[in-house]
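So the structure is just underneath, and the comments pick up after that.
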Amino acid sequence: MVPSPDFRSKAADASEPTADPSLHDRADRPEMVRKLQERKRRHKQRGRLYRAGHAVLGTLLVLVGIVLSGPGIPGPGFAVVLIGLALLALEFDRAERLLERVLVWVDRAKDRAERATKAEKAAAAFGALLVVGALVAAALLWDIPLLPF
């Protein structure tokens, strides 16, 4: 059986930078991802107890962040989840991939926000003010306390 012209050996795929999207040397990755990968290389040289502590702390922070993200609970839940995910990414490849996806998404959103026209920025600010105004009006109409005390 003759291989098709599209057939490539695994060695040829490994030498191409676009063959594997998880390669660490990709230039289109955000700077934070490249720094994380360098820190991960140093982290792998540390002792097992230290690394286990990192994993436990990262898991705890992700869980606390999820709780803080719940409705009616004030706090920086999303930021705490990201910090916990960054700690877990030092130890686990799956967490690293998830964190990379979040960082790429944030980087793209930042670029879109920078490219937005003045009219789009004004419309977004007006929409945010409408939402805040609606929340305050609902709190006053339905006697919902704005502050927990």
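The ranking of Leu98, Leu87 by Cβ neighbour count inside 10 Å, starting from the fewest, reads Leu98, Leu87. Taking Lys and Arg as +1 and Asp and Glu as -1, the other residues whose beta-carbon sits under 15 Å from that of Glu114 total +3. In plain terms, the residue of Ile83, Ile144 with the fewest other Cβ atoms within 10 Å comes first and the most crowded comes last, giving Ile144, Ile83.
Sequentially through the range 64-77, phi angles give Karplus couplings (6.51, -1.76, 1.60; θ = phi - 60°) of 4, x, 5, 5, 5, 7, x, x, x, 10, x, x, x, x Hz, Gly and Pro residues having no value and appearing as x.
List the residues of the range 35-63 whose backbone N lies under 17 Å from a point placed 7 Å from the Cα of Arg97 along the Cα-to-Cβ direction. Hits in the range 35-63 for Arg97 at 17 Å: 37. Once the C-beta distance of Ile73 and Val106 is scaled by a Förster radius of 22 Å, the resulting FRET efficiency is 0.45 to the nearest 0.05.
Only residues of the range 69-89 count here: report those whose backbone N is under 12 Å from the spot 7 Å along Cα→Cβ of Leu60, or say none. Under cut-off, by backbone N: nothing.
FYI, it's all coordinate maths here, none of it is from the lab. Note that this is a predicted model, so its numbers are computed, not measured. No Cβ is skipped: glycine too gets one built from the backbone with ideal geometry, and neighbour counts run over all protein chains shown.
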